[in-house]
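Below you'll find the structure, written out as structure tokens, and then a few comments.
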Amino acid sequence: MMAAPVRYLALRAAALGANTKTAILIFGDMALVPLAVLFACSLAPTGIGFAAFWPAMPGLMILTGALSYRLGPAQTRLRDFDTRTARQTALIGLCLGLASWMIWGARMQAPSPLLIGIGFCLGAILMRIALREGLVALYHVARTTRPALIYGAGAAGRQVAAILARSDKVHAVGFLEDDPGLQGRRVVGLPVHAATRIEKVAKLRGTDLIYLAMPSAPLPRRIAIARRLEARGFEVRAAPLASIAADTGPDAARQLLARRQIAVDHLRLSLSYAGRSVLITGAGGSIGRELCRQVIDCAPSRLVLFDLSEAALFEVERLLAPVSGGVEVVAVLGSVTDAALVRAILAENRIDVVLHAAAYKHVALVEANPLAGLFNNVLGTEVLARAAAAAGVDRFILISTDKAVAPVGAMGATKRLAELAVHRVAVAAGATRFAAVRFGNVLGSSGSVVPIFRAQIAAGGPVTVTDAAATRYYMSVEDAVRLVLVAGAITDGGEIFVLDMGAPISVGTLARQMIADAGLRLRDAQHPDGDIEVRTTGLRHGERLHEIDMTLGASPSGAHPLILKAVPAPLPEAQIARYMAEASRAVANTDREAAKTLIAAMLDESRGSDAASVAPASRAIAATRRTAATS
């Protein structure tokens, strides 16, 4: 009988606006002032009676409320309370103690002002912990959800458990596992049972619902397990993760990577995006679509899809519909170069995180259309970054490329200039944390060699390669996006992260492997009776025979062994401003020659520029933030 009012209370608390929550925390901090004074009086003689404090109490409370709002603790979400917020709270306590000493002076004994500050700090921290735990308790008391078992206690199973923990329909009660090494343990607080005891465990836990979370298992084995469970009367569901549901097993390209699925702390990752309003630009592209899949698994409050392609936007919105759960999905058709539209999107949706994947990325097309590359990749990024800073967005992550490292063509040059545009905004930004993430080729993305090779093989050949000796760095789109989200979660602002893509892969080797895995034979001079020929077309302008290893000279990020920090040489502010002005003029005047001249100048100047340190830029951003915080 109590569940309905408690659940109503929980829902009302969750529906409170940001301003209301800030006001509650401000008044809570103000109410702690008399309690802090009482705390000081109870631990040490104050020299004056407690009643003597009351005349100045309103002033102290107003001072505390103003500091709480100005320094930030009242504007920090309960789940985001960290050491930085604790330091801000301690500073408020110090100011409160100092103000007490200034008001009552010698009438107070020495420890009293310090005890007032300590009392306030303890009270503020305990109040926030109590509020956070209270909201969690309200949710758990109110929920009447269906229990479920998860088959698979690996990384995917843990991610499923984290997602179900936020569901208002289903909650996990344990894992089933074939691996004896995991049986009998506890994973994310849930027991791991032997899969052979499934009927006893299901009866004990009062459930007949099982989620399969075994993305690395071959598809035939997953099908066999599902059929066996259904035959025993269980309801079997695929794990509620679009990325798992889309995985149909390894193919030749994945096998060439020769590494297992990259593991990350899914719970920590989910908490970085849970409850946030997230904007993904280029949402209909290969990388943007996978960003949408993985971010929606993190249970954001709102996911805004932004794309210029109507067909791509329609398709990604349709694909997300079955897995959106309680996440509000907003599809916006338009361009990042439209400043008014960008500002409206950020304001109306109260965006917390921007993942900027919108870009023209095909080397030959950007080489042939430099104005479009400058307009979309460079000026569009600058428009979005400036709007994000003005709107007070928490984090802005630019999806960059290995071709931005000492670029040799228009696409790489425009992406490097996009990085510089973000850096320029970041130096002047206040609270917004800006970062870029560079990585190489993504397996299966639109226009990449894997789907092209696959189509050419299906058509009977030939398979065309620019140069059989050419090498490229590859990563699956799932792994690349997973690491991008980790980098976005740990950024302090000002970094250029690079992903360790592993060893480079020969394009010729990839083509031959895909032909062999299709059950066909290579046709060449030694095998004239083969099925498929590999034909060399030659490198195009803007292409390299071998991509540069982005990890050379990079330093560990500390968050994941495959995420490093690049050390490109920062350009002078005046030079970046000149590049941006020239790009704007070329686009405004539709001056193709000016665009080509600008790109050529960048290519000449960028050669070897990625050998110096990025530390001065990071220090400049940090210094700017400290100044803003104390002004």
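The values are calculated or read from the model by the stated rules, or taken from the named source; none is laboratory data. Not measured: the values here are computed from a predicted model. Because the Cβ atoms are built from the backbone with ideal geometry, glycine has one as well, and the counts that use them run over all protein chains shown. What goes into the accessible areas is simple: the full protein's heavy atoms, side chains included, and nothing from ligands, DNA or RNA. Shrake-Rupley method; radii C 1.70, N 1.55, O 1.52, S 1.80 Å.
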Any idea which of ALA410, ALA389, ALA311 is hydrophobic (A, V, I, L, M, F, W, C), without any contact (Cβ under 8 Å) to a residue 40 or more places away in the chain and on the phi < 0 side of the Ramachandran plot?
ALA311
Among the residues of segment 508-519, is any in a loop (DSSP other than H, G, I, E, B) and basic (Lys, Arg)?
no
Considering VAL408, VAL393, VAL427, VAL422, which residue is β-branched (Val, Ile, Thr), farther than 30 Å from ILE505 by Cα, open to solvent by 40 Å² or more (accessible area, probe 1.4 Å) and out of contact with any Pro (no Cβ under 6 Å at 6 or more places or on another chain)?
VAL427
Just to verify a result, which residue in segment 1-46, among those that are in a helix (DSSP H, G or I), open to solvent by 80 Å² or more (accessible area, probe 1.4 Å) and hydrophobic (A, V, I, L, M, F, W, C), is modelled with the highest pLDDT?
PHE27
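Conditions (1) modelled with pLDDT under 85; (2) under 17 Å from SER270 (Cβ atoms), marked per residue:
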| residue | (1), (2) |
| --- | --- |
| THR144 | yes, no |
| ILE150 | no, yes |
| ALA162 | yes, yes |
| ALA165 | yes, yes |
| GLY174 | no, no |
| GLY184 | no, no |
| THR196 | no, no |
| LEU212 | no, no |
| ALA226 | yes, no |
Taking only pairs six or more apart or across chains, which ones have beta-carbon atoms under 8 Å, a first residue in segment 58-75 that is part of a helix (DSSP H, G or I), and a second residue that is among the hydroxyl-bearing types (Ser, Thr, Tyr)?
LEU60/SER100; TYR69/THR22; PRO73/THR85; PRO73/THR89; ALA74/THR22; ALA74/SER68; GLN75/THR22; GLN75/TYR69
Would you please name the residue that is farthest from SER324 (Cα to Cα), looking only at residues in segment 172-214 that are touching a His at 6+ places or on another chain (Cβ under 9 Å) and open to solvent by less than 70 Å² (accessible area, probe 1.4 Å)?
GLN183
Boolean, ARG254 is more than 24 Å from SER324 (Cα to Cα), modelled with pLDDT under 75 and among the charged types (D, E, K, R)
yes
Per the filter on segment 315-347, residues at pLDDT below 95 and in a helix (DSSP H, G or I) are GLU315, VAL316, GLU317, ARG318, LEU319, LEU320, ALA321, PRO322, VAL323
Which numbered condition MET61 misses (of (1) loosely packed, with under 14 Cβ neighbours inside 10 Å; (2) at pLDDT 80 or above)
(1)
Checking ALA620 against (1) open to solvent by 50 Å² or more (accessible area, probe 1.4 Å); (2) in a helix (DSSP H, G or I); (3) of a type in the set (A, V, I, L, M, F, W, C); (4) modelled with pLDDT under 85, which test does it fail?
(1)
Criterion (open to solvent by 60 Å² or more (accessible area, probe 1.4 Å) and touching a helix residue (DSSP H, G or I) at 6+ places or on another chain (Cβ under 7 Å)) met by exactly one of HIS527, HIS541
HIS541
Is it the case, given these coordinates, that ASP297 is in contact (Cβ under 8 Å) with a residue 60 or more places away in the chain, acidic (Asp, Glu) and surrounded by 22 or more Cβ atoms within 10 Å (Cβ to Cβ)?
yes
Say whether the condition of being open to solvent by 60 Å² or more (accessible area, probe 1.4 Å), part of a loop (DSSP other than H, G, I, E, B) and under 25 Å from ALA391 (Cβ atoms) is met by at least one residue in segment 368-379.
no
If you check GLY508 against the conditions, is it closer than 21 Å to THR401 by Cα and either in contact (Cβ under 8 Å) with a residue 40 or more places away in the chain or among the acidic types (Asp, Glu) (or both)?
no
The number of residues in segment 315-364 that are closer than 27 Å to VAL160 by Cα and hydrophobic (A, V, I, L, M, F, W, C) is 14
Got a sec? Which helices (runs of 4 or more DSSP H) wholly within segment 389-501 have at least 3 residues that are out of contact with any Ser or Thr (no Cβ under 7 Å at 6 or more places or on another chain), closer than 30 Å to GLU533 by Cα and not aromatic (Phe, Trp, Tyr)?
449-458
